[in-house]
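Below is one structure, written out as structure tokens, with a few remarks after it.
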Ligand code: DAH
């Protein structure tokens, strides 16, 4: 019997020592101490022992039982601590990792330039107005002194939707829409999208213009020059040469194109200015009396000037961008530079 007990103890100790999770320890406990366990079995079989051996064997079995329970408890505490440690390591959060930065948006360079243009004219007392992009032929051409089939229409290759509905090819129609509703004095700029059948490094089928119109009792060409000079200096910096070149637009008489000394070469001549030293940036002129008559103005009581510019062109010159398509590709490597 003693032999049996020692054997049982050795085996139990080995199994408990080797067990490496609490589930296994529980199985071992049931195996020895459970109702049908080996040690329990031994106690039950005490009846078959000679009566004088019973007390001693009983004591030994009970002692072993106590030792087994103690050792099991000790190991359970150990293993539980180890399992907790393992889980903590596994589920650890590295709080030293840098957090995720929210991406900051910023204004598209075109909108930055547009905002700048607006702010300059608002500062000179102009009001910002808008007009439709899908426009009637009447406003885009006819009321601007471009009769049907007139050759000057070829200056702008237009997207027609029907015979008399089109995508506006210029912001000039907003002049007419404003004057139809408002008597002089009129002092507006009209920024917006315009459309032309054109696509290469300096032309896009959709681009932006800003139109300007000022009509009052005695508005002169001198006023036009002063306002455009102030605008150009605000956009490109002071001291840059500016020249007014005679030109033609159907809705202005006289008409001019305004050049600024080349931003890239300061007038010396380079690829950007086709070696002329000058960059064309605006069209302008005194509003043709026929246009004023078309909206019912009395041409003996008022006169005015108008101008129009391309926003992409100004942005390209200001930032030295050589391909207009970059402005519409939305490549973050490009946009992040502004
Ligand atoms: N609408 C003209 C264009 O797109 C630009 C322009 C020229 C507008 C002269 C004007 C102006 O108001 O007076 O080419």
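The values are calculated or read from the model by the stated rules, or taken from the named source; none is laboratory data. Note that this is a predicted model, so its numbers are computed, not measured. Here Cβ is always computed from backbone atoms with ideal geometry, including for glycine, and neighbour counts include all displayed protein chains.
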With (1) in contact with a strand residue (DSSP E or B) (Cβ under 9 Å, 6 or more places away or on another chain); (2) under 22 Å from residue 246 (Cα atoms) as the list, and residue 217 as the residue in question, which single condition is left unmet?
(2)
When the range 230-244 is checked residue by residue, the ones that are within 17 Å of residue 308 (Cβ to Cβ) and in contact with a strand residue (DSSP E or B) (Cβ under 6 Å, 6 or more places away or on another chain) are 232, 242, 244
What about residue 153, is it within 16 Å of the ligand (Cβ to nearest atom), more than 24 Å from residue 301 (Cα to Cα) and modelled with pLDDT under 95?
yes
Is there any pair linking a residue in the range 268-288 that is in contact (Cβ under 8 Å) with a residue 40 or more places away in the chain to one that is more than 16 Å from the ligand (Cβ to nearest atom) and in a loop (DSSP other than H, G, I, E, B), with Cβ under 6 Å and at least six apart or on different chains, and which?
272/264
Residues in the range 319-338: is at least one more than 19 Å from residue 118 (Cβ to Cβ), within 16 Å of the ligand (Cβ to nearest atom), at pLDDT 95 or above and touching a helix residue (DSSP H, G or I) at 6+ places or on another chain (Cβ under 7 Å)?
no
Of 294, 309, 316, the only residue that is within 16 Å of the ligand (Cβ to nearest atom), in the same structural domain as residue 140 (by TED's automatic domain parsing) and closer than 22 Å to residue 114 by Cβ is 309
Is there a residue in the range 255-263 that is assigned by TED's automatic domain parsing to the domain that holds residue 226, under 35 Å from the mean Cα position of the chain (by Cα), at pLDDT below 95 and not in a strand (DSSP E or B)?
yes
Among residues of the range 278-290, those that are under 42 Å from the mean Cα position of the chain (by Cα) and more than 10 Å from the ligand (Cβ to nearest atom), counted
4
May I ask you to list the residues in the range 238-252 that are closer than 17 Å to residue 173 by Cα and not in a loop (DSSP other than H, G, I, E, B)?
249, 252
Single residue of 158, 171 found to be more than 24 Å from residue 302 (Cβ to Cβ), within 13 Å of the ligand (Cβ to nearest atom) and touching a residue at least 12 places away in the same chain (Cβ under 8 Å):
158
Looking at (1) farther than 15 Å from residue 12 by Cα; (2) in contact (Cβ under 8 Å) with a residue 24 or more places away in the chain, which one does residue 52 not meet, given that it meets all the others?
(2)
